[in-house]
C-alpha cells in the first residue's frame with residue numbers, strides 16, 4: 001500500500017488521503033459476506049452492496065476535508 005500522506009502534508013491533505021482510503025475500503029465491501037451484525041442475517045443477499053458503516057466513515061472524512 002502506498003504512503004497516504006507525508007510529514008509535510010497539510011491537515012486537509014491528510015484527511016483527504018484518509019477519505020480516499022476509506023472510500024476504497026468501502027468499495028471493497030461489495031464482495032464481502034457479512035459475518036456479524038444485522039447484515040449477517042442476509043447472507044449472500046448483501047453481496048454487491050456497500051457496507052453502510054464503511055460508507056458512513058468515508059463520508060465523515062469527506063465532510064471534514066471539505067470544511068478544512
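Quick note: the coordinates plus some simple rules give every number you see, no bench work behind them. Keep in mind it's a predicted model, so treat the numbers as computed, not measured. With ideal geometry, Cβ positions are generated from the backbone for all residues, glycine too; neighbour counts draw on all protein chains shown.
Structural remarks
- Here is how the number arises for the chain: DSSP H runs of 4 or more residues each give -39500 (n - 2.57), the sum is divided by the residue count, and the result at 222 nm is -17000 deg cm²/dmol.
- Which labelled figure in [x] -0.55, -0.60; [y] -0.43, -0.49; [z] -0.85, -0.89 is log10 I(q)/I(0) by the Debye sum over Cα atoms at q = 0.15, 0.16 Å⁻¹, once derived from the coordinates: [x]
- Angle of helix 11-28 to the longest C-alpha principal axis of the chain, folded into 0 to 90 degrees and rounded to 10: 20°.
- Annotation: extensible slack from residue 36 through residue 12 equals 5.3 nm (criterion: 0.36 nm per residue apart, minus Cα-Cα distance).
- The stretch between residue 60 and residue 21, if pulled fully straight at 0.36 nm per residue, gains 12.8 nm over its current Cα-Cα span.
- With neighbour counts taken as other beta-carbon atoms within 10 Å, the residues 24, 49 rank, fewest first, as 24, 49.
- Acute angle (nearest 10 degrees) that the helix 52-67 long axis makes with the longest principal axis of the chain, alpha-carbon atoms: 20 degrees
- FRET E, pair residue 28, residue 68, Förster distance 25 Å, beta-carbon r, rounded to 0.05: 0.45
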